[in-house]
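Written below as structure tokens is the structure these notes are about.
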Amino acid sequence: MKTSKIIIYDEPTVQEIQITKIEKFVKKYFPVEIEIRKNFFQNNQHEIFEEIASTRIFDLKKPFSKHIPTNSEIQMEKENIDNSQNEEKILYDGFEFQKVLSKFIPKNELDLDTLNIILTNKLTCTFDESDFRYHARVLIGTNPSIISTTGFIEAPARPREYYIELMTDFSKKNTNKIKEKYKGEFLDYHDSRISKILEGYILQSIMYYETGNDFCEDKECRLYNAHWQKELLNSQLNNKFCEKHEEIFKKIIDQ
């Protein structure tokens with residue numbers, strides 16, 4: 001492996017994340033030093049919140065345009081580090097967000113030997129030139145690698161039937177009723193399965209950094225890039241890897 005150390009920044013507001021188990025899980029697959037650190041945004045200076053606020057997305061159908069954040073937006077960023085979910089569904093340009101965070105990581109920890117994986121409840125998105133709109137993403141690869149816990153819930157789509165039924169009545173009462181009907185078929189906030197799902201995305205993050213290859217196309221593999229909640233749950237909860245990635249794992253570890 002070109003990576004000799006992996007630093008994982010915890011997201012303590014998502015209490016379902018079992019960070020000690022995550023550490024053991026990564027060590028099981030990669031014989032490297034693993035360091036768990038506190039939330040990346042805690043105890044950070046005012047400057048980082050200002051820069052993060054500047055990566056907000058205001059128009060889903062236009063490529064990113066940087067803006068000067070207001071004082072209230074900066075203050076909201078400071079306050080949001082203690083919230084368990086992105087309740088207002090604020091969207092951030094994933095690549096710009098990643099650039100900002102990289103400025104606040106010591107240079108010696110951004111070398112080829114060290115991979116930083118930052119967990120966050122912020123909803124990262126990327127602009128797709130094929131349909132000219134932003135899409136929510138769970139993972140922004142490279143170093144640091146960003147994993148959005150809110151993305152687990154908001155990025156992969158829920159069952160089509162869920163949206164069809166929701167279209168008839170958007171009231172809170174009806175929404176809760178429909179959620180209950182399809183309970184278990186998709187992830188929701190405070191879902192006990194979140195930590196298990198996170199394992200797979202950490203693997204994807206490491207594999208992308210090591211190989212430069214995109215996600216797997218096999219829907220049964222934990223490295224599959226799920227577009228639907230059903231696919232996400234199927235690929236991550238079955239604990240399987242395709243033959244191709246089993247071999248890649250072996251080659252990486254033997255390097």
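The table below gives the values:
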| quantity | calculated |
| --- | --- |
| Rough spin-label spacing in nm, given labels placed 7 Å along Cα→Cβ, for GLU47 and TYR29 | 3.5 nm |
| Simple label model, 7 Å out from Cα along Cβ direction - ASP113 to LYS38, nm | 2.7 nm |
| Hz values of 3J(HN,Hα) by residue in the range 136-142 - Karplus curve (6.51, -1.76, 1.60), Gly and Pro given as x | 5, 10, 7, 10, 10, x, 5 |
| Amide proton proximity set for ALA157, modelled H, under 5 Å, gap of 5+ | TRP228, GLN229 |
| Isolated Cys residues of the chain, judged by Cβ distance under 4.7 Å to other cysteines | CYS125 |
| For the chain, radius of gyration divided by Kirkwood radius, i.e. Rg to Rh on alpha-carbons | 0.96 |
| Integer Hz, Karplus 6.51/-1.76/1.60 couplings in order for the range 166-172, x for Gly and Pro | 5, 5, 6, 6, 9, 5, 4 |
| Total charge dipole magnitude, the range 165-255, about the Cα centre, Cβ charges on Lys, Arg, Asp, Glu only, Debye to nearest 20 | 520 debye |
| Amide H contacts under 5 Å for ARG137, placed H, 5+ residues apart | THR124, CYS125, THR126 |
| Computed FRET value (nearest 0.05) for GLU220 with LYS251, which takes r as the C-beta separation and R₀ as 25 Å | 0.75 |
| Among 199-206, 227-234, the order from most to least packed when residues are scored by Cβ within 10 Å on average | 199-206, 227-234 |
| Most mobile listed residue (MET76, MET207, MET167) in the chain, GNM with C-alpha springs under 10 Å | MET167 |
| Residue-span extension gain [ILE90 to ASP128] - 0.36 nm each, minus C-alpha spacing | 11.9 nm |
| Linear extension gain, TYR182 paired with THR211, 0.36 nm per residue minus alpha-carbon span | 6.7 nm |
| Distant-in-sequence amide H partners of THR13 (H built 1.01 Å from N, under 5 Å) | none |
| Helical mean residue ellipticity (222 nm; -39500 (n - 2.57) per DSSP H run of 4+; nearest 500) of the chain | -11500 deg cm²/dmol |
| Modelled FRET efficiency - R0 51 Å, LYS173 with LYS99, Cβ distances, 0.05 increments | 0.75 |
| Fluctuation leader among ASP113, ASP93, ASP169 - the chain, Gaussian network, Cα springs under 10 angstrom | ASP169 |
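Since every read-out is calculated from the coordinates, none of them should be taken as a lab result. Everything numeric here is computed off the predicted structure, so don't read it as measured data. Note that we place each Cβ from the backbone using ideal geometry, even for glycine, and neighbour counts take in every protein chain shown.
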